[in-house]
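What follows is one structure encoded as structure tokens, with my remarks underneath.
The values are calculated or read from the model by the stated rules, or taken from the named source; none is laboratory data. Keep in mind that what you see is a predicted model, and the values were worked out from it rather than measured. FYI the Cβ positions are ideal-geometry reconstructions off the backbone, even for glycines, and counts take in every protein chain you see.
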Amino acid sequence: MTEAAVCPVMHERDHPLQPPVGFAEAVSDGPVKMLWPNGVEAWVVSSYAGVRQVLSDPRFSTRKGGHPEMRTDEGEPVVDADQPGNINGIDGEAHMRLRRPLARGFMVKRMNELRPRIQQIVDEHLDVMEAKGAPADLVGSLCLPLPSLVIAELLGVPPEHQELFQATAREMFGKNGSKDEYIAHATKLGEVLSPIVAEKKAAGTNDDMIGLMANDTDFSMQELIFLCIGLLAAGHETTSNFLGLFTLHLFEQPDQLEILRRDPSRADVIVEELMRYTVGQLGGVGITRRATEDVEVDGVLIKAGDWVSVSLLANLDEELCPRAEELDLERDAVSHLGFGFGPHQCLGANLARAELQIGLRSLFTRFPNLRPAVQVTEMSYRNDMITYGAAAIPVVW
Amino acid sequence: MPGSVTVRIDQTGCIGSGQCVLAAPDVFDQSDDDGLGIVLIPEPSADLLPGVRDAVERCPAQVVSLEE
């Protein structure tokens, strides 16, 4: 069990919808050590079983984890590890204490109750897009506003603060973000949220997320505000990028788009396959953990104290499903890792599912001839954050 | 009873992700009180088993079990 050579992390893509050049080759032979531009050195695990192990084995801690690039130039996480309410940076019982009440707010049936409202928001935005006429930018017309409006409503925060949510998200999930900038935005957001929280506390209501946290939990004010900031930020970036990327993959594979067009009622299964495939094709490195004791993963001994990142390519592992490198919208949903795995699996997964299913289905039902106005390879992509997506998607119909 | 199966959720580790409800909505639900997974049909019939196996596989906290 010799240690693999340290190789650099790649970012460059030949095609905007395919993994970074050379990444698959670098990680295919089991865990390898990779060096990030900011000096963080981490093992990269890329098998399906290995990623499930790293994300669920309690011997891997999430403290100071997160994405290796979600750090300042000094290599420190942008969000302080001891920040109260830092749900992604704590393990075990302390994590469960925060996670469980939030999970109640994101329950499957609660998300299903939201569906008519999500449909209404989607329809309103598609109405505007249709009225303005082609060409339109799909990102600005639907992908960005949809999750942003929904998460604000779910929390019970007025949507006029959207820009502030976005600015905070940029520092929180930005590559080599600035701690000072983050603190400035988060402080401002905290000032917006505090009176809302106080009002819900006084009213004693639990019909939205802030009410639920304020009245049904033992969360401190500091924890509550930080959790709200995290939910608002997370609710912005991820779903909007994926709605755009899903559409682009479908543009690139018309036979697959045809499957959705033929039977939009299968949007739930279709979104699972798109999620699996899209995350896999993003490739590269996802979240990072730190071994608290020596652990063997995929035949390699990870020593206590070592960082371990999971590769998004695990979603394209044949161990997960046959022909895993292909997008097959006729496939049944498989147990993919698109929302992560283990106790920290995406809290908003069921909300994202509802938004993506309704958004995608409605988009191609309203505009059956929707197509890109320029080549997918000619569009501009945002790579400044740990999330990745198209900056704009010009479409005609 | 020969051939019978038992489905369980270890609630101490459940994170309330609702994956089991998505995989097998007839067999699982989430409690209105705390959002944690609950088993509606502890001894499901054979036609429900593929969904239950899917739930065992998909549960991110690995707390759903099927004893056959």
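Annotations
- First in region B:43-57 and of a type in the set (D, E), second anywhere and surrounded by 12 or more Cβ atoms within 10 Å (Cβ to Cβ) and part of a helix (DSSP H, G or I), Cβ under 7 Å, 6 or more apart: B:D54/B:A23
- Going through (1) more than 8 Å from chain A (Cβ to nearest Cβ); (2) in contact (Cβ under 8 Å) with a residue 40 or more places away in the chain; (3) under 22 Å from A:A349 (Cβ atoms); (4) not aromatic (F, W, Y) one by one, B:G37 falls short only on (2).
- Among the criteria (1) surrounded by 17 or more Cβ atoms within 10 Å (Cβ to Cβ); (2) more than 14 Å from chain B (Cβ to nearest Cβ); (3) farther than 26 Å from A:R289 by Cα, the one A:V128 does not fulfil is (1).
- Only helices (runs of 4 or more DSSP H) whose full extent lies in region A:165-261 are considered here, and the ones with at least 2 residues that are touching a Gly at 6+ places or on another chain (Cβ under 6 Å) and of a type in the set (A, V, I, L, M) are A:209-216, A:221-252.
- Given (1) more than 13 Å from chain A (Cβ to nearest Cβ); (2) surrounded by 13 or more Cβ atoms within 10 Å (Cβ to Cβ), index of the condition B:A55 fails: (1)
- Residues within region A:239-266 that are of a type in the set (V, I, T) and crowded, with 21+ Cβ neighbours inside 10 Å, tallied: 2
- Checking each residue of region B:22-31 against the condition of being at the interface with chain A (Cβ under 9 Å from one of its Cβ atoms), in contact with a Cys (Cβ under 6 Å, 6 or more places away or on another chain) and crowded, with 23+ Cβ neighbours inside 10 Å gives no match.
- Scanning region B:2-21 for residues that are away from chain A (no Cβ under 14 Å), touching a residue at least 40 places away in the same chain (Cβ under 8 Å) and not charged (D, E, K, R) gives B:V5, B:T6, B:V7.
- Among the residues of region A:377-396, at least one is in contact with a Pro (Cβ under 6 Å, 6 or more places away or on another chain) and modelled with pLDDT under 95.
- In a residue-by-residue description of region A:144-165, the property of being of a type outside the set (S, T, Y) and touching a strand residue (DSSP E or B) at 6+ places or on another chain (Cβ under 9 Å) applies to no position.
- Any helices (runs of 4 or more DSSP H) falling wholly within region A:23-137 and containing at least 1 residues that are touching a Lys or Arg at 6+ places or on another chain (Cβ under 9 Å) and modelled with pLDDT of 95 or more: A:48-56, A:108-132
- For the residues A:D137, A:D57, the requirement of being within 14 Å of another protein chain (Cβ to nearest Cβ) and within 30 Å of A:H11 (Cβ to Cβ) singles out A:D57.
- Scanning region B:13-50 for residues that are within 10 Å of the chain's Cα centre (by Cα) and of a type in the set (G, A, S) yields B:G18, B:A23, B:A24, B:G37.
- Taken as a whole, region A:93-113 holds no residue that is over 19 Å from the mean Cα position of the chain (by Cα), away from every other protein chain (no Cβ under 14 Å) and either within 20 Å of A:G338 (Cα to Cα) or among the hydrophobic types (A, V, I, L, M, F, W, C) (or both).
- Restricted to region A:144-192, and to residues there that are within 16 Å of the chain's Cα centre (by Cα) and among the aromatic types (F, W, Y), the residue that is modelled with the lowest pLDDT is A:F173.
- Count - residues of region A:145-164 that are assigned to a helix (DSSP H, G or I) and either surrounded by fewer than 16 Cβ atoms within 10 Å (Cβ to Cβ) or among the polar types (S, T, N, Q) (or both): 5
- Put simply, of A:R353, A:R331 the only residue that is under 26 Å from A:L138 (Cβ atoms), under 21 Å from the mean Cα position of the chain (by Cα) and not aliphatic (A, V, I, L, M) is A:R353.
- Among residues of region A:235-249 that are closer than 22 Å to A:W397 by Cβ and in contact (Cβ under 8 Å) with a residue 60 or more places away in the chain, none has a Cβ under 7 angstrom from a residue that is assigned to a helix (DSSP H, G or I) and of a type in the set (D, E, K, R) at a sequence gap of 6+ or on a separate chain.
- Restricted to region A:45-64, and to residues there that are surrounded by 17 or more Cβ atoms within 10 Å (Cβ to Cβ) and of a type in the set (A, V, I, L, M, F, W, C), the residue that is nearest to A:V6 (Cα to Cα) is A:V45.
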